[in-house]
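The values are calculated or read from the model by the stated rules, or taken from the named source; none is laboratory data. Computed from a predicted structure; not experimentally measured. Positions of Cβ are backbone-derived with ideal geometry, glycine not excepted, and every protein chain shown enters the neighbour counts.
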């Protein structure tokens, strides 16, 4: 018989590792079973948590839509009541945070600027999501203006402008214009000029820059 035919085929390293793994699994069957169960339970728990969060967000979004419809129909008391319920029950969701902004708008339409300012200040100090931060500060500025707190309104508008940096540069520039208006109303010409000069320097490509130059000219600080 040919010697080549009688020799056993050469074993590969992969085959050796596979055989060792099979032996280990058989020798540690109890451990493997426990690990598999733990992973399955953990996976199920994660799925349940994600699913529950999604359902909560969906329900909150539906409630928010109904409250918006009441506001658009002019039923402000009902809208305020519905929005307050959404905020109280789903404040941590995205829809819940949107509801806080819409509620502030409703408060302002109802002539409740002081209440809106109080609620918005609590909102921005309690960890508002980044995507709602600039709008929250803008509404806070409006509420403070209507409450006769012009200097505080200017600071709120500036905070909103800082929060809107990046791709929303036009919004930052617009909020800075609002800040300069509020500072002027408060008699703080120095702060008004500082903000206008910032627009001229940092947002020269926006339409707000031209308005800033006009305001600076009115204040006697703009030179060609």
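Suppose we filter 101, 108 for residues that are part of a helix (DSSP H, G or I) and under 22 Å from residue 185 (Cα atoms); which single one remains? Quick ask: steps written out before the conclusion?
Details: 101 fails: under 22 Å from residue 185 (Cα atoms).
Answer to the selection: 108.
Note on the stretch 186-224: residues that are part of a loop (DSSP other than H, G, I, E, B) and within 22 Å of residue 140 (Cβ to Cβ) total 4. For the stretch 70-92, does any single residue satisfy the condition of being loosely packed, with under 10 Cβ neighbours inside 10 Å, closer than 30 Å to residue 143 by Cβ and at pLDDT 90 or above? Yes: one or more hits.
Within the stretch 154-178, the set of residues being crowded, with 16+ Cβ neighbours inside 10 Å and under 20 Å from residue 216 (Cβ atoms) comprises 154, 157, 158, 161, 169, 172, 173, 174, 175, 176, 177, 178. Here the condition is being assigned to a loop (DSSP other than H, G, I, E, B) and either modelled with pLDDT under 65 or touching a strand residue (DSSP E or B) at 6+ places or on another chain (Cβ under 8 Å) (or both); of 10, 5, it holds for 10 alone.
Matching residues to (1) over 27 Å from residue 95 (Cα atoms); (2) buried (at least 22 other Cβ atoms within 10 Å of the Cβ); (3) at pLDDT 95 or above:
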position: 127; (1), (2), (3): no, no, no
position: 130; (1), (2), (3): no, no, no
position: 148; (1), (2), (3): yes, no, yes
position: 152; (1), (2), (3): yes, no, yes
position: 180; (1), (2), (3): yes, yes, yes
position: 211; (1), (2), (3): yes, no, no
